[in-house]
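To start, the structure under review is shown below, and the notes come after it.
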Amino acid sequence: MSRYLVACDAGGTMTDVIVVDEEGRSVIGKAPTSPQDESIGYMESFWEALEYMGISQEEGANFGADVETAIYTGTSMLNTVINMNGYKTGILTTRGFEDIISQGRGKQTFIGDQWSEITHMQYRKHRIPLVPSQLSRGVTERIDMFGTPVIPMYEDEVREGARSLIVDEEVEAIAIIFLQSFVNPMHENRAEEICREVMKEVGREVVLEVSNKVAPTTREISRANATVVQAYASDPARKQLYRIEEELQKVGYPHSLKTVLGYGGITNIRYPRLFEAAMSGPVGGLMGAKYLASVIDEENIVCSDVGGTSFDAGTITAGVLPIDREPGFQDMYVNVPMLGITSIGAGTGTYIRVDPATNRIKLGPDSAGGTPGPTFMEAGNTTPTINDVNLLLGILSETNYLGGKVKINKDVSYKLFKEKVADPLGLDVYEAAETCLDLLNVMMTEHLANALMVGHDIREYILLGYGGGGPLHLLGYASDLPWKGICTVPHAGGFSAWGGACMDYSHRRHKSVGAVITPDLDDETKLQYLTPVTQTWEALEQELIEELKGEGFEESAISISRVVYMKYYGQLDDVEVVSPVADLNSMGNWQALVKDFEDLYAKMFTLAARPDVGAYHINEVCVIARVDTVKPVLRAYPLADPAPAAECKKGTRPVFIRGKWQDADIWEMEKLVPGNEIEGLAVIEASNTTLFVPPEWHVKIDEHDIYWITRKDS
């Protein structure tokens, strides 16, 4: 009996489900995302994937019984925060800091904005706080930066505040957030005990979250935000995940649904720290890219994901996945470890408008998403989008949108684009359309070159394009930058879901420490300063092992990695270094860690100056606990002749490029095989994506079915 793995990526526009068998073969289903009930999009994609396997709904009525693991990654918690429909939450915090959530940080007012908006104060605005000021209660207490209690906690104020929130305000959740609790949690832990006593007294239970357990790290406001998100959104978001699990159980799935954590691990949807899955959406792509990089033996990859709503990008440098320990999330900074991904509002659903004041084109940052979608879908949207432009220019097929499953109307795109964009600009429809496409590609190029790749040498990096619109725009935003190589994959439309299937079951814990090692210290003093690092590693490791054992894993199946966040003293940015040693109890172990740090630093920052003085600063540690899972296999195939078989070519189609119509060869991606080569001008169509190849480019498919694209004159 075959066993399968099912992984889902629910984006802002489309939901992809990949089904992988034991030999690593896979199929991908695609459907519009359904934020009101994500089980709808999940199951529609699931059934489409089975259809590609030749299995009807009747035949697949008990398919779930053969599924070993089902994984979800997507937007359930994000939607809870966007729609402001989480639990009514109150906070207990250090007196004088009652407005810590509503005040936030100044830089939160322009997270994700473009430079044109950041530089104009009128565009900046504070988000509506998840906890309004009237639901905040101050408590007299203070722990100093060294962990010493300098003001004892007034327990009667905790009791009074808790009773007021639970009884008078009828909150559904409470977050306890005291300053410096990550150094010494004694006040927070006692406040938690008092809150539970109050709940018992009044006969009403509420969700209770404590910051030293949620995010025991520095950065007070970000730690507070993370704790509030956990209290506010975790349980409501979990209800969406239960709905998906229930639908899978109807087709025989016997296990619990798994979800993806923001740092690239898999866990049970009943995982208590579910806020770590708040930003799991783009993670699958980076995890898939890391696996792909290991197959093609490349250490440096730029991952670029073009969806319907956004352009997400991240770098893998020296084989290391970037971890952002303070990412932006819905106009808040949160202390939640997440793969380092930067995004702009630029995708295939991006709205195109003409600014009436300047008579200039303005792209996005908002998007039509999957619903209502581009104007050609005739689902209620009357504002032109980038995909309307791709259709008008002949790049997209009128008969192959989403594999031909969705009927589209090109005449509607023409009429609305002419009326709302071309005519106000005084341009020909097709010239205006190409201008809009060029502007989008320039935005993406600048995001890569000026935001993502600062401090890195582009010549050392492979550019990988994926997402439903990745291959469509890849060569546009690759531009003339000197990439080491440019590639995509035939399953680009479901690559993030495929990447979700490449992950291990893993949890990680972070904790702030402070260890500064300078050359003038003697060995004994250095080891004394390093003692907290080893002690924290040991405590976090034991916590994680007990957690995974509680989820049913044998301790022998759990592997442990110990990590430090280290930098040259005085620098701003630290580097995540996986420790080659289990402790720092000897100078030999310390020197081994320093060597790995310096080697990694040199690979990651080749253009940066290394300080002359060997002073090092460890400001945070981490432990990662993993359990191996079944993963898809990127198989090697025999290479066929460069000339594709005759049945691969679907014909030709006029494409408007560089100001004129030209005939492009149209190829069917599913029929192309490793070894085949394609010359531009060409359009290579698949059911879940389209690869556009301008005239100056050449495509070669390698033995792993990866599409490598080079300039003909290179």
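General observations
- Placing R0 at 30 angstrom, the Cβ-Cβ distance between Lys595 and Glu543 gives a FRET efficiency of 0.55 after rounding to 0.05.
- Proportion of all alpha-carbon pairs of the chain beyond 52 Å (%): 12 percent
- Carbon and sulfur %, accessible surface of the range 461-612 computed with the full protein complex present, 1.4 Å: 48 percent
- Under 13 Å, Cβ to Cβ, from Val295 - net charge with Lys/Arg +1 and Asp/Glu -1: -3
- Span from the the range 152-219 Cα centroid across to the the range 574-614 one, whole angstrom: 40 Å
- Electrostatic tally near Thr93: other residues with Cβ closer than 13 Å to its Cβ, Lys and Arg +1, Asp and Glu -1, net -3.
- Separation of alpha-carbon centers, the range 324-380 and the range 75-139, rounded to whole Å: 20 Å
- Ranked by how many other beta carbons lie within 10 Å on average, peptides 177-185, 416-424, 228-236 from highest: 228-236, 177-185, 416-424
- The Cα trace of the range 332-385 gives Rg and Dmax of 14.9, 43 Å, the first to one decimal, the second as a whole number.
- Per principal axis, descending, Cα span of the range 479-610 in whole Å: 57, 48, 22
- Kirkwood Rh in Å, taken over all unlike Cα pairs in the range 426-517: 16.4 Å
- Our summary gives the chain a relative contact order of 12 percent, counting only alpha carbon pairs under 8 angstrom and 6 or more residues apart.
- Site pair Asp702 and Ser164 shows an inter-label distance of 6.3 nm when each label is modelled 7 Å from Cα along Cα→Cβ.
- Relative packing of 146-156, 202-212, which averages over residues the other C-beta atoms within 10 Å, highest first: 202-212, 146-156
- In percent, rounded to a whole number, the relative contact order of the range 238-331 is 17, using alpha-carbon pairs under 8 Å and six or more apart.
- When each of Lys484/Lys595; Lys484/Lys712; Lys649/Lys671; Lys650/Lys671; Lys290/Lys511; Lys125/Lys420 is checked by Cα-Cα distance, pairs over 20 Å: Lys484/Lys595; Lys290/Lys511; Lys125/Lys420
- Approximating the spin labels as points 7 Å out from Cα along Cα→Cβ, the Val578-to-Glu679 distance works out to 4.5 nm.
- Summing charges over neighbours of Ile40, with a neighbour being any other residue whose Cβ is under 11 Å away from its Cβ, gives -3 when K and R count +1 and D and E count -1.
- A protection proxy built from the mean count of other Cβ atoms within 10 Å ranks the segments 502-509, 591-598, 384-391, most packed first, as 384-391, 502-509, 591-598.
The values are calculated or read from the model by the stated rules, or taken from the named source; none is laboratory data. From a predicted model like this one, the values you see are computed outputs, not experimental measurements. Glycine gets a Cβ as well: all are built from the backbone with ideal geometry, and neighbour counts include every protein chain shown. Note: areas computed on protein heavy atoms with side chains; ligands, DNA, RNA excluded. Shrake-Rupley method; radii C 1.70, N 1.55, O 1.52, S 1.80 Å.
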